[in-house]
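The structure appears below as structure tokens.
The values are calculated or read from the model by the stated rules, or taken from the named source; none is laboratory data. What you see is a predicted model; the values in this text were computed from it and never measured. Cβ: placed from backbone, ideal geometry, glycine included. Neighbour counts: every protein chain shown.
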Amino acid sequence: MDSNKIHIETMIHKPIEKVWEAYTLPKHIMEWNHASEDWHSPKAENDLRPGGQFNYTMAAKDGSFSFDFSGIYDEVIVGKKISYTLGDNRKVDVYFSQQDGFVKVETLFEAEGTNSLDMQKNGWQAILDNFKKYTESSL
């Protein structure tokens, strides 16, 4: 694996259709897309197709800070893979696979140069853990 790529994953006990829906529909993204309980995503737009754009506003609940997480889709294979390029040209691949009644969600992303690799991995993993928790409890 390339040294600037980070791998995270989770196993979700839901059908692939529900996992895909939770991962891709803005009404669901706004519910799980945060790394800690003091953050949220008050806005999510998603045009899920090659060349389509997404934009998720991520904000501190106290209003002290917010930023847009955005990019353009490179490849979309429904129920299997999403690849996109972030605004700073980093590449991200998300894989979905069914395994023994679970859906394995794996993300491989290029690290940015500001924060430590551990900080980036932990932050992205926390968001993926929130995705798992939301999907298993709400859908």
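Structure data summary
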| quantity | calculated |
| --- | --- |
| One residue from 45, 106 being among the acidic types (Asp, Glu), touching a strand residue (DSSP E or B) at 6+ places or on another chain (Cβ under 9 Å), at pLDDT 95 or above and under 13 Å from residue 24 (Cα atoms) | 45 |
| Verdict on residue 126 being within 13 Å of the chain's Cα centre (by Cα), modelled with pLDDT of 95 or more, surrounded by fewer than 17 Cβ atoms within 10 Å (Cβ to Cβ) and not in a strand (DSSP E or B) | yes |
| Answer from 9, 21, 45 - the residue that is of a type in the set (Asp, Glu), in contact (Cβ under 8 Å) with a residue 12 or more places away in the chain and more than 23 Å from residue 104 (Cβ to Cβ) | 45 |
| Residues satisfying the stated conditions in segment 1-59, i.e. among the small types (Gly, Ala, Ser), at negative phi and exposed (fewer than 12 other Cβ atoms within 10 Å of the Cβ) | 3 |
| Pair list, Cβ < 9 Å and 6+ apart or interchain, from segment 91-113 residues that are free of Cβ contacts under 8 Å to residues at least 24 places away in the same chain and closer than 20 Å to residue 69 by Cβ to residues that are aliphatic (A, V, I, L, M) and crowded, with 17+ Cβ neighbours inside 10 Å | 91/108; 92/82; 92/108; 93/82; 93/108; 95/82; 95/105; 95/108 |
| Filter result for residue 62 (over 20 Å from residue 8 (Cβ atoms), surrounded by fewer than 17 Cβ atoms within 10 Å (Cβ to Cβ) and touching a strand residue (DSSP E or B) at 6+ places or on another chain (Cβ under 8 Å)) | no |
| Residue within segment 63-76 that is at pLDDT below 95 and among the small types (Gly, Ala, Ser) present | no |
